Amino acid sequence: ILVVDDISKNLQVVGTMLRNEGYHVMPATSGAQALERAQAQPPDLILLDLMMPEMDGLEACRRLKADPLTQPIPVIFLTASNEMEHLVNGFEVGAVDYITKPFNAPELLARVRTHLELKHARQRLREMNEEKNEFMGIAAHDLRNPIGSIKGFSEMIVEDAQSLLSQSHSNS
């Protein structure tokens, strides 16, 4: 999990909570550093501070969602703001959720767990869809030969029947 916050105390608090639950944590102290780390080693989830100097969380999220490598990574905003406009902007740029500061450990851990499970479920569905498509391609290929044979034999039968009919009409 990539945790991005310009305040080191917040990084420590969130990092400790997550590590105590067995998660591997990559800290970043800026939006630019978050982009570098996400591209170098894409995490399963990003917890991203909304309000940071230089590049705020909205811009960092916008850039993450514009990059095909980092686009599928769920982003949860960490914010001290309860302003609806900030939260709506976060969802508009691609965030999946938000957690307000100060952190409530059970809530933070529940949201992290939920979004990781959703990400893994979507990933598994994509894999299953690819397997289904591969299976359907094989099945379609394997059915073409017998169907081709059946079609050929049925055309022969129709030709023979037409030939017999035309012979019986000419004999009458």
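The values are calculated or read from the model by the stated rules, or taken from the named source; none is laboratory data. Computed from a prediction, not measured in an experiment: that's the story for all the values here. FYI the Cβ positions are ideal-geometry reconstructions off the backbone, even for glycines, and counts take in every protein chain you see. Surface areas here come from the heavy atoms of the whole protein model, side chains and all, with no ligands, DNA or RNA. Shrake-Rupley method; radii C 1.70, N 1.55, O 1.52, S 1.80 Å.
Among (1) exposed (fewer than 13 other Cβ atoms within 10 Å of the Cβ); (2) under 21 Å from the mean Cα position of the chain (by Cα); (3) polar (S, T, N, Q), which single condition is Asn104 missing?
Looking at each condition in turn, Asn104 falls short on (2).
Tally the residues that are at pLDDT 80 or above and either touching a Gly at 6+ places or on another chain (Cβ under 7 Å) or among the basic types (Lys, Arg) (or both), restricting the search to the stretch 127-172.
2
In this structure, is Arg124 in a helix (DSSP H, G or I), of a type in the set (Lys, Arg), touching a Gly at 6+ places or on another chain (Cβ under 9 Å) and modelled with pLDDT of 90 or more? Walk me through it before giving the result.
Values: in a helix (DSSP H, G or I): yes; of a type in the set (Lys, Arg): yes; touching a Gly at 6+ places or on another chain (Cβ under 9 Å): no; modelled with pLDDT of 90 or more: yes.
So Arg124 does not fit the description; no.
Please state which of the following conditions Phe77 fails to meet, knowing it meets all the rest: (1) modelled with pLDDT under 95; (2) more than 22 Å from Glu117 (Cα to Cα); (3) not basic (Lys, Arg).
Phe77 satisfies every listed condition except (2).
Answer with yes or no whether Leu143 is aliphatic (A, V, I, L, M) and within 29 Å of Ala40 (Cβ to Cβ). If you could, list the steps in order and put the result at the bottom.
Numbers: aliphatic (A, V, I, L, M): yes; within 29 Å of Ala40 (Cβ to Cβ): no.
So Leu143 fails the test.
Cβ-Cβ distance below 8 Å, separation of 6 or more or different chains: which pairs start in the stretch 36-61 with a residue that is touching a residue at least 60 places away in the same chain (Cβ under 8 Å) and buried (at least 19 other Cβ atoms within 10 Å of the Cβ) and end on one that is in a helix (DSSP H, G or I) and not charged (D, E, K, R)?
What qualifies is Leu45/Val112; Leu45/His115; Leu45/Leu116; Leu47/Val14; Leu47/Val112.
When residues of the stretch 35-61 are filtered for being assigned to a strand (DSSP E or B) and touching a Phe, Trp or Tyr at 6+ places or on another chain (Cβ under 7 Å), how many remain? If you could, list the steps in order and put the result at the bottom.
Initially, the stretch 35-61 is screened for residues assigned to a strand (DSSP E or B), giving 46-49.
If we keep only those that are touching a Phe, Trp or Tyr at 6+ places or on another chain (Cβ under 7 Å) too, we end up with 48.
Number of matching residues: 1.
Which is open to solvent by less than 20 Å² (accessible area, probe 1.4 Å), closer than 24 Å to Arg122 by Cα, aliphatic (A, V, I, L, M) and not in a helix (DSSP H, G or I), of Leu64, Leu18, Leu78, Leu69? Can you show your working first?
Numbers: Leu64 fails: not in a helix (DSSP H, G or I); Leu18 fails: not in a helix (DSSP H, G or I); Leu69 fails: open to solvent by less than 20 Å² (accessible area, probe 1.4 Å).
Testing whether each residue is open to solvent by less than 20 Å² (accessible area, probe 1.4 Å), closer than 24 Å to Arg122 by Cα, aliphatic (A, V, I, L, M) and not in a helix (DSSP H, G or I) leaves just Leu78.
Only residues that are open to solvent by less than 100 Å² (accessible area, probe 1.4 Å) and charged (D, E, K, R): list them for the stretch 122-131, please. Write out each step before concluding.
From the stretch 122-131, those open to solvent by less than 100 Å² (accessible area, probe 1.4 Å) are 123, 127-129; that's our starting set.
The answer is Glu127, and nothing else.
What number goes with the only condition from (1) under 30 Å from Pro53 (Cβ atoms); (2) among the aromatic types (Phe, Trp, Tyr); (3) open to solvent by 50 Å² or more (accessible area, probe 1.4 Å) that Phe135 does not pass?
Only one criterion is unmet by Phe135, namely (1).
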